[in-house]
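Enquirer: What follows is a single structure, and I will ask about it in a moment.
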Amino acid sequence: MDQYGLSPDKPIKLSDFDPDDGEGFKSKSDAQRQLRKDLMRIRVLQEALYAEHKQSLLIVLQAMDTGGKDGTIEHVCGAVNPQGVVVTPFKVPSAEELAHDFLWRVHKVTPARGMIAVFNRSHYEDVLVVRVHDLAPKEVWSQRYELINQFEKHLTANGVVILKFFLHISKAEQKERLLDRLNTPDKQWKFAVGDLKERALWDQYQEAYEDALNKCTTAAAPWYVIPANRKWYRNYLVARIIRQTLEAMNPQFPQPAEDLSQVVIED
Ligand code: AMP
Ligand code: MG
C-alpha cells in the first residue's frame with residue numbers, strides 16, 4: 001500500500017506511476033475476496049465511528065473523466081450503512097458559490113463527528129479545471145495550494161482524518177471507456193461531448209494534477225495515486241487503505257451513560 005501513498009518531502013512524477021499496476025495479485029478473484037473481507041470490516045468500524053461520535057473521515061476522490069470515481073463510490077462506499085455516509089458531488093459552481101471564497105461550498109459539507117464524507121471531485125477542482133481553463137488568474141489559483149493545506153490542517157486539528165485518492169488511468173484506457181459510453185445505450189447519459197475537449201487537454205491536466213499532488217501532500221493529509229486501469233485493483237486498494245485508516249483511528253463504542261445492570265424491562 002505504502003508505495004502508492006505520497007510523502008511531503010518526496011515529490012513525485014506522475015509518469016513514474018503505472019496505471020496498469022496490479023502488483024501482488026495473480027488473479028482478480030484473489031483481490032475480490034480480499035475486498036469483500038475489507039468491506040465487512042469497514043462496515044463494523046464505521047458503526048463504531050458513528051457510535052463514538054468523536055472523529056470523522058473525509059475521502060476525496062479525484063480523477064480524469066471516466067477515471068472511476070462513481071464506480072469506486074458504488075463498490076466501496078456502497079458497502080457501509082447509508083446513514084453514516086454523505087456523498088457530495090462537486091459540479092461547476094453556481095452563481096451563489098462563485099460569489100463566495102472557493103472553500104465556502106466545501107466547508108459546509110465536511111463530515112460531522114461520527115460521519116464519513118465522500119467528495120466526488122472537490123476543492124481540488126479549483127487548482128485543476130480552473131488552472132487548465134484559466135477560469136481565474138494565476139495569482140489567484142497559485143495561492144490556493146497553501147490555502148488548501150491550511151484548510152485541511154484546520155480540519156485534521158478538529159478530528160477529521162483526510163484520505164485523498166487520485167484514480168490514475170492512462171489516456172488509452174480513457175479512450176476505451178469513452179467509446180464504451182458512446183456505444184452502450186445505458187451509458188450514453190454519462191457521455192458529455194465536452195469531455196472530448198478535456199481529453200484534448202490531457203497533458204495540461206496531468207501537469208496540474210502532479211502539482212496538486214506534490215504541493216498538497218502534507219503529513220496530515222497525504223495523497224494516494226491509485227493505479228486505476230483495472231477496476232478490481234482500484235477497488236481493492238481503496239478499500240484496503242480505508243480499512244487501515246479506520247483501524248488506526250480505532251473508534252470505540254461508548255460506555256452507557258448510566259448503570260444499566262439493574263434495568264428491568266416489564267412485559
Ligand atoms: P461530472 O463530475 O462529470 O458530473 O462533471 C462535473 C464538472 O464540473 C466537471 O467538468 C468539473 O470540472 C466541473 N467543476 C467542478 N468543480 C469546478 C470548479 N470549482 N470550477 C469549474 N468547474 C468545476
Ligand atoms: Mg462527466
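Enquirer: With a cut-off of 8 Å between alpha carbons and a minimum separation of six or more residues, what is the relative contact order of the range 166-267 in percent? Don't skip to the answer; put the middle values down first.
Expert: On the way: 38 pairs, mean separation 34.3, N = 102.
So the answer I get is 34 percent.
Enquirer: Rounded to the nearest 20 debye, what is the charge dipole size of the range 67-163 about its Cα centre when +1 sits on each Lys and Arg Cβ and -1 on each Asp and Glu Cβ? Don't jump to the answer; show the numbers that get you there.
Expert: Values: 10 positive and 11 negative charges, 41 e Å.
Dipole of the range 67-163, to the nearest 20 debye: 200 debye.
Enquirer: Further question on the same structure: Under unit Cβ charges (Lys, Arg +1; Asp, Glu -1), what dipole magnitude, rounded to 20 debye, does the range 1-92 have relative to its Cα centre?
Expert: Here the size comes out at about 360 debye.
Enquirer: Exactly which GluC sites (Glu not before Pro) in the range 125-202 are in a DSSP loop and have at most 13 other Cβ atoms within 10 Å?
Expert: Passing sites in the range 125-202 do not exist.
Enquirer: Next up: Filter the trypsin sites (Lys or Arg not before Pro) in the range 31-138 down to the DSSP loop ones having no more than 11 other Cβ atoms within 10 Å, then list what survives. Numbers along the way, then the final one.
Expert: Details: sites: ARG33, ARG36, LYS37, ARG41, ARG43, LYS54, LYS69, LYS91, ARG105, LYS108, ARG113, ARG121, ARG131, LYS138; in loops: LYS54, LYS91, LYS108, ARG113, ARG121.
Taking the range 31-138 and a limit of 11 other Cβ atoms within 10 Å, the loop trypsin sites (Lys or Arg not before Pro) found are LYS91, LYS108.
Enquirer: Give me the mean projected area, in nm² to one decimal, of the convex hull enclosing the Cα positions of the chain. Spell out each step's value before the answer.
Expert: Working: hull surface 74.7 nm².
Computing the convex hull of the Cα atoms and averaging its projections yields 18.7 nm².
Enquirer: Just to confirm, what accessible area per residue do you get for the chain at 1.4 Å probe, in whole Å²?
Expert: Details: 14410 Å² over 267 residues.
In whole numbers, the chain has 54 Å² accessible per residue.
Enquirer: If you roll a 1.4 Å probe over the chain with all protein chains in place, what percent of the accessible area is carbon or sulfur? Before the final figure, lay out each step's value.
Expert: Numbers: 7420 of 14410 Å².
In the chain, the share of accessible area belonging to carbon and sulfur is 52 percent.
Enquirer: On to the next question. Need the list of aspartates and glutamates near LYS13 for cross-linking: C-alpha distance under 15 angstrom, and skip anything on the same chain fewer than eight residues off.
Expert: Filter leaves ASP203, GLU207, GLU210, ASP211.
Enquirer: Pull out a ≥ b ≥ c, the square roots of the eigenvalues of the alpha-carbon gyration tensor of the range 1-140, then state rounded if a/c is under 1.5, prolate if not and a/b is larger than b/c, and oblate in the remaining case. Intermediate results must be reported in sequence, preceding the final value.
Expert: Numbers: a/c = 2.07, a/b = 1.23, b/c = 1.69.
Here the range 1-140 falls in the oblate category.
Enquirer: Let me ask you something else. Which of LYS171/LYS197; LYS91/LYS197; LYS153/LYS215; LYS91/LYS175 have a Cα-Cα distance over 21 Å? All intermediate terms of the calculation are to be shown ahead of the outcome.
Expert: Numbers: LYS171/LYS197 13 Å; LYS91/LYS197 17 Å; LYS153/LYS215 14 Å; LYS91/LYS175 23 Å.
In this structure, LYS91/LYS175 lie more than 21 Å apart at Cα.
Enquirer: Out of MET115, LEU45, VAL92, whose Cα points farthest toward the positive end of the dipole of the range 31-142 (charges: +1 Lys, Arg; -1 Asp, Glu; placed on Cβ)?
Expert: So the residue we want is LEU45.
Enquirer: Quick check: Cα centre of the range 54-99 to Cα centre of the range 1-23, how many Å?
Expert: 22 Å
Enquirer: List the aspartates and glutamates whose Cα lies under 12 Å from the Cα of LYS164, skipping any in the same chain that are fewer than 8 positions away.
Expert: In chain and number order, the partners are GLU152.
The values are calculated or read from the model by the stated rules, or taken from the named source; none is laboratory data. What you are looking at is a predicted structure, and each value in this text was computed from that prediction instead of being measured. Methodologically, a virtual Cβ is constructed for each residue, glycine included, from the backbone with ideal geometry; neighbour enumeration extends over all protein chains shown. Keep in mind that these areas ignore ligands, DNA and RNA; they rest on the heavy atoms of the full protein, side chains included. Shrake-Rupley method; radii C 1.70, N 1.55, O 1.52, S 1.80 Å.
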